[in-house]
Amino acid sequence: MQQVGEAKLSLLATKIRERKPPTLSMAPMIDCVFLLLIFFMVSTTFSPIPGLRVQLPPPGKPSPDKPKGLTVRIANPEPGEDRGTMVLNDAVVQVDEMFNQFINAPDEATNMLIIQSEREVLHEQIVQVMDIAKQAGIDKIGFAIVARD
Amino acid sequence: MALNLAKRRKREDEDDIPMAPMIDCVFLLLIFFMVSAVMKVPPPFTVTLPDSATKHEFTRKKFNLFINSDGRISIDDQEMLTLEDMELFIAAHENQITTLIIKADKRAKHGDVIDVVERAKMRSSKTEGLEIAFAVSEED
């Protein structure tokens, strides 16, 4: 009696299976994929970062001969002030005069600018000097450092 | 009547938008965006970039170096407590860093910035040296 019942049940089960083949439900997966797509689309940033390239000499010992080029020296700003005094070739120079000084400098000097700056000078001032130099067509900008053992 | 209804239903089924090509496209787009996505990782402190009229454009990459006005250094969201830590980090990820973009606060001290530049340069074993850039503000 029980066996017969089981057989009937299994027959019924196969019938149901035949009638409805199992299908993968696509809709929830597509929902997820769309969600992910929208997330990545929104969070992706393609905009480049604006910046100034710093040209550095190759690593190793610095060359012993004096580099040709303009040298700007920047002193630590006085307490309470934002900018330090700038000296270009032994003469104090103001920010607004700097561009003309760079433009009028002899050709052999304008291939490189060396910035000798004290430690407390604000980064903003350095970037400003670099900006003026780039505007004046000086592409190579280097930083003078003190050799440490 | 019943036959008519069945026919109509059948035609409706056939008029369904084909989903498969759309899903293919969506997957393709998804993979493209996943691969090209570079997440913006904010540093653990605020950094105000300096302004500059001339700017060169660099592609957004992982591993940006941040320096704030107190001389704190972080690479992406990982704060570097000492310069040695930073040096080791750069050495460990050397293959992934072609251009080191230094995002220094405008009130950061030049000494701190130059220390970082010097360390990074020393660490790089590439003959031509590591390309280093100072990031500037995006507004004109």
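The values are calculated or read from the model by the stated rules, or taken from the named source; none is laboratory data. Computed from a prediction, not measured in an experiment: that's the story for all the values here. Neighbour counts run over all protein chains shown; Cβ positions are idealised from the backbone, glycine included.
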A:I114: passes all of (1) at pLDDT below 80; (2) more than 11 Å from chain B (Cβ to nearest Cβ); (3) under 22 Å from A:R83 (Cα atoms) but (1)
Looking at the range B:35-63, which of its residues are modelled with pLDDT of 85 or more and not in a loop (DSSP other than H, G, I, E, B)?
none
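This table checks each residue for (1) closer than 28 Å to B:L49 by Cα; (2) modelled with pLDDT of 80 or more; (3) of a type in the set (V, I, T); (4) part of a loop (DSSP other than H, G, I, E, B).
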position	(1), (2), (3), (4)
A:V4	no, no, yes, no
A:A7	no, no, no, no
A:A13	no, no, no, no
A:M29	no, yes, no, no
A:C32	no, yes, no, no
A:L36	no, yes, no, no
A:P57	yes, no, no, yes
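Can you find even one residue in the range B:102-114 that is more than 9 Å from every other protein chain (Cβ to nearest Cβ) and not hydroxyl-bearing (S, T, Y)? Before the answer, list the steps.
Of the range B:102-114, the ones more than 9 Å from every other protein chain (Cβ to nearest Cβ) are none.
No, the conditions are met nowhere in the range B:102-114.
Conditions (1) outside the structural domain of B:R119 (by TED's automatic domain parsing); (2) surrounded by fewer than 14 Cβ atoms within 10 Å (Cβ to Cβ); (3) in contact (Cβ under 8 Å) with a residue 12 or more places away in the chain, marked per residue:
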{"position": "B:M80", "(1), (2), (3)": "no, no, no"}
{"position": "B:E84", "(1), (2), (3)": "no, yes, no"}
{"position": "B:A92", "(1), (2), (3)": "no, yes, no"}
{"position": "B:N95", "(1), (2), (3)": "no, yes, no"}
{"position": "B:K103", "(1), (2), (3)": "no, no, yes"}
Test for B:F66: is it without any contact (Cβ under 8 Å) to a residue 40 or more places away in the chain and either surrounded by 18 or more Cβ atoms within 10 Å (Cβ to Cβ) or within 7 Å of another protein chain (Cβ to nearest Cβ) (or both)
yes
Within the range B:36-58, residues hydrophobic (A, V, I, L, M, F, W, C), more than 7 Å from chain A (Cβ to nearest Cβ) and in contact with a strand residue (DSSP E or B) (Cβ under 6 Å, 6 or more places away or on another chain) come out as B:V47, B:L49
Can you tell me which residue in the range A:94-122 is nearest to B:V113 (Cα to Cα), limited to those that are in contact (Cβ under 8 Å) with a residue 12 or more places away in the chain and in a helix (DSSP H, G or I)?
A:V95
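Rundown of residues vs (1) surrounded by 12 or more Cβ atoms within 10 Å (Cβ to Cβ); (2) of a type in the set (S, T, N, Q); (3) over 28 Å from B:D112 (Cβ atoms); (4) within 27 Å of the chain's Cα centre (by Cα), yes/no style:
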{"position": "A:N76", "(1), (2), (3), (4)": "yes, yes, no, no"}
{"position": "A:P79", "(1), (2), (3), (4)": "no, no, no, no"}
{"position": "A:R83", "(1), (2), (3), (4)": "yes, no, no, yes"}
{"position": "A:L88", "(1), (2), (3), (4)": "yes, no, no, no"}
{"position": "A:A91", "(1), (2), (3), (4)": "no, no, yes, no"}
{"position": "A:Q94", "(1), (2), (3), (4)": "no, yes, no, no"}
{"position": "A:E97", "(1), (2), (3), (4)": "yes, no, yes, no"}
{"position": "A:A105", "(1), (2), (3), (4)": "yes, no, yes, no"}
{"position": "A:E108", "(1), (2), (3), (4)": "no, no, yes, no"}
